[in-house]
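Each reported figure results from applying straightforward, stated rules to the coordinates on display, with no laboratory input. Remember, predicted model here, so these are calculated numbers, not experimental data. Using ideal geometry, Cβ is built from the backbone for each residue, glycine included, and neighbour counts are taken over all protein chains shown.
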Amino acid sequence: MNPEPLGKTFLGNFVLKVFRKIKFAPDGNKLATCSFNGKVQIYELDNGQWESSAELEGHESEVKSISWSADGNLLATCGRDKSVWIWECWEEGISSKYLTCR
């Protein structure tokens with residue numbers, strides 16, 4: 001089944017949310033969003049619909065950027081708090097590693 005196009009149908013679920021960035025995983029079946037509240041949200045494609053699968057917390061303030069690794073198993077997030085988090089994403093769950101910039 002083809003996913004619904006990104007547009008009104010997709011964004012209809014997110015009317016009250018403001019995202020700083022949205023990045024698709026290389027396989028196109030997951031996407032990550034980051035926001036001004038310090039949270040990162042992971043969505044997965046399920047039967048043609050985008051469903052929230054995880055909310056990642058760790059940054060103390062706004063998350064400014066997100067990026068998937070080429071294989072889609074790692075997600076890097078960078079925050080205004082001068083920290084970088086590396087999240088391992090696999091079918092059984094998510095783990096994280098914290099780095100800080102001085």
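Summary table below
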| quantity | calculated |
| --- | --- |
| Modelled FRET efficiency - R0 30 Å, Asn47 with Lys82, Cβ distances, 0.05 increments | 0.15 |
| Total formal charge among the other residues, if their Cβ is under 12 angstrom from that of Phe24, Lys/Arg +1 and Asp/Glu -1 | +1 |
